[in-house]
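Every number here is computed from the coordinates shown, using simple stated rules; none is lab data. Note that the structure is a prediction, hence the values are computed from the model and not measured. Heads up, the Cβs are rebuilt from the backbone with ideal geometry, glycines too, and the neighbour counts pull from every protein chain shown.
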Amino acid sequence: LSTTQTELVSIIDERATMLSQLTSRLLQTAALDSKQIRLRRSSLSILSLLHKVVREQEEQNRARIELVAPEMLHEDRFDASMIELALQQLVDNAINYSAIASSIRIIVNQSETETRVSVVNDVAGGSFIKQGDRAKIFDRF
């Protein structure tokens with residue numbers, strides 16, 4: 001293959017992977033909406049899941065994401081695929097509703113009884129979401 005063809009194949013492969021991941025997320029969301037999901041809880045640290053989400057989002061969106069977390073976190077019981085879906089959607093929203101080239105921070109705090117994950121985008125002057133759209137942010141599309 002020529003250099004141009006190799007680049008095009010690489011772009012097609014990248015886009016196909018993104019489309020596959022998007023389709024999986026949409027199917028999981030639809031299953032959640034229809035209440036046909038059985039949670040598969042297991043004990044693990046959310047940190048490894050967060051590293052995966054950050055890596056994928058940085059590759060897909062070319063976003064700058066900073067993960068702020070303690071080096072050691074105790075394990076929690078949760079369904080990894082559902083938590084990953086939620087984290088992916090939160091980070092997607094943070095990227096989509098922030099200024100171009102702004103940074104996203106994922107902040108993890110943990111106590112003995114809970115693990116709190118915050119996804120924060122830097123928006124100068126308040127929210128990037130238009131005032132008229134704010135009441136609709138939790139509506140289904």
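Centre-to-centre, using Cα atoms only, the range 105-120 and the range 79-98 are separated by 14 Å.
Label point of Ile137 set 7 angstrom out along Cα-Cβ; within the range 73-108, amide nitrogens under 19 Å from it belong to 86-108. For the range 45-74, the set of trypsin sites (Lys or Arg not before Pro) satisfying both a DSSP loop assignment and a count of at most 10 other C-beta atoms within 10 Å is given as Arg62. What the pair-distance distribution of the chain shows, using all Cα-Cα distances binned every 10 Å from zero, is 10, 32, 36, 18, 4, 0 percent. Estimated from helices alone, the mean residue ellipticity of the chain at 222 nm is -16000 deg cm²/dmol (sum of -39500 (n - 2.57) over DSSP H runs with n ≥ 4, per residue). Placing +1 on each Lys and Arg Cβ and -1 on each Asp and Glu Cβ, with no other charges, gives the chain a dipole about its Cα centre of roughly 460 debye.
Report the extension gain between Thr23 and Ser48 in nm, rounded to one decimal, defined as 0.36 nm multiplied by the number of residues separating them, less their alpha carbon distance.
Contour length minus Cα-Cα distance gives 6.7 nm.
Projecting the Cα atoms of Leu73, Ala16, Ser48 onto the charge dipole of the chain (Cβ charges, centred on the Cα centre) puts Ala16 farthest toward the positive pole.
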